[in-house]
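Peer 1: One structure is given below, represented as structure tokens, and several questions about it will come after.
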Amino acid sequence: MTLTTDFGPRDIYKQVERTGIKGRHLTFIDDLSREELTNLFLTAEMLEPFYRGRIPLLEGKVLCTQFFQPSTRTRFSHETAMYRLGGNVITESNPLVSSSAAKGESLYDALRVTAQYADVIVLRHPDDEVIKVIDALGDKCVPIISGGYGNVTHPTQGLLDMYTAYRAIGRPFTDMTVMIATPDLSRARSGQSFGLGLARMGAKIIYSGTTGLGTPKVIKDKLDGMKANYEEHFDLTIGQQEELIADKGIDFVYLPGCSVKKGDPGREEFLKKMQEYYFTLEGLQKIEKKTGRTVGISHSLPRNEGEFDFAIDESAHQLYFKAIGFSVALRMSLLANIVGV
Ligand code: CP
């Protein structure tokens, strides 16, 4: 064994320099290399002690949040992260009503203008086409972090789910098997981002969905381009999925949640399909008895009754509320690394 020369007390400034993603937009999680992801997570670990306190790495910097879709977790965790880093926030949570988008201003113009007020923007938008606007803006705009675009990408949620898996499982990603299960993979943007991040880090991914509602082509192309280690299963019953979890050595089951909002056509049909994805505490306990493994279960939240057994909340399997405990440190890492300290 040889000693490393890159050795010394942990230093947050050097750590951010090592990550090296200052000034970049974040649209897809695989925009980040394996090394960059590792460094983001190391930065998050260093920032964990400050997630309820203050470390003024971004004093004087401004975050602008623009959310064209509702949000609790993504918007608040980024805004909290910016305050904990000593920065300030300007926010627009209902742009179609109270910003000049209501007067027909294009998103391109709105972003180009707000880029002159803020040092970083977090944007949520219902349309995948927004990615073309971000690409067109390029370096004419401060970094734009996706808070979720259309059906295909929600990279900061994917990063949080990766960080939760990394902290909960305590093994390298190359030694993890994760199941992503929902009746509608075609609209599961948090699941797709988690999958791409896991693939980038070399984890094994098992998708479970419905025929005709599989992973979108843009994501499949990325997985294939990375030679990701993944399997797809369709139309399984809950019993078959439990068998798969036991037989394939799955460590973590991820439920990206219901993509069909209240009042939307097709919601009743979606909820009927959800019955085959209704993971129960009893089922997880049976798997534990059979394999000796405590399988973690997470959900992007918000959740609806009928999606899975809420008795899991108070068990060792529950990771969805535990993940929230990491969400501010993870977003502090992202903001510090993208803005630069
Ligand atoms: N998980 C997630 O994106 O939650 P919000 O919609 O509340 O931001």
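Peer 1: Only one residue in VAL178, VAL218 is of a type in the set (Val, Ile, Thr) and assigned to a helix (DSSP H, G or I). Which one?
Peer 2: It is VAL218.
Peer 1: Kindly indicate the residue of the stretch 14-43 that is over 19 Å from MET332 (Cβ atoms) and part of a helix (DSSP H, G or I) and also most open to solvent (accessible area, probe 1.4 Å) among those meeting that condition.
Peer 2: Per the criteria, the residue is GLU35.
Peer 1: Something else: If ASP11 meets every condition in (1) farther than 13 Å from SER333 by Cβ; (2) touching a Pro at 6+ places or on another chain (Cβ under 8 Å) apart from one, which number is that one?
Peer 2: (2)
Peer 1: From (1) within 15 Å of the ligand (Cβ to nearest atom); (2) within 19 Å of ALA329 (Cβ to Cβ); (3) surrounded by 15 or more Cβ atoms within 10 Å (Cβ to Cβ), pick out the condition that doesn't hold for TYR51.
Peer 2: Looking at each condition in turn, TYR51 falls short on (1).
Peer 1: Just the residues that are assigned to a loop (DSSP other than H, G, I, E, B) and closer than 21 Å to ASP251 by Cβ, please, taken from the stretch 310-341.
Peer 2: Filtering the stretch 310-341 down to residues assigned to a loop (DSSP other than H, G, I, E, B) leaves 315-317, 319, 340-341.
Those that are assigned to a loop (DSSP other than H, G, I, E, B) and closer than 21 Å to ASP251 by Cβ: SER315, ALA316, HIS317, LEU319.
Peer 1: In the stretch 249-302, how many are charged (D, E, K, R) and either within 16 Å of the ligand (Cβ to nearest atom) or on the phi > 0 side of the Ramachandran plot (or both)?
Peer 2: First, the residues of the stretch 249-302 that are charged (D, E, K, R): 251, 261-262, 264, 267-269, 272-273, 276, 282, 286, 288-290, 293.
In the following step, the residues that additionally are either within 16 Å of the ligand (Cβ to nearest atom) or on the phi > 0 side of the Ramachandran plot (or both) were identified as 261-262, 264.
Residues flagged as charged (D, E, K, R) and either within 16 Å of the ligand (Cβ to nearest atom) or on the phi > 0 side of the Ramachandran plot (or both) within the stretch 249-302 amount to 3.
Peer 1: Does LEU40 satisfy the condition of being closer than 21 Å to SER193 by Cβ and in contact with a helix residue (DSSP H, G or I) (Cβ under 9 Å, 6 or more places away or on another chain)?
Peer 2: yes
Peer 1: Here is a check on your reading of the model: is LEU185 within 26 Å of HIS317 (Cα to Cα), open to solvent by less than 10 Å² (accessible area, probe 1.4 Å) and away from the ligand (no atom under 16 Å from the Cβ)? Steps first, answer last, please.
Peer 2: Values: within 26 Å of HIS317 (Cα to Cα): yes; open to solvent by less than 10 Å² (accessible area, probe 1.4 Å): yes; away from the ligand (no atom under 16 Å from the Cβ): yes.
Yes: the conditions hold for LEU185.
The values are calculated or read from the model by the stated rules, or taken from the named source; none is laboratory data. Not measured: the values here are computed from a predicted model. As a convention, Cβ positions derive from the backbone with ideal geometry for all residues, glycine included, and neighbour counts pool all protein chains shown. Only protein heavy atoms, including side chains, enter the accessible area calculation; ligands, DNA and RNA are left aside. Shrake-Rupley method; radii C 1.70, N 1.55, O 1.52, S 1.80 Å.
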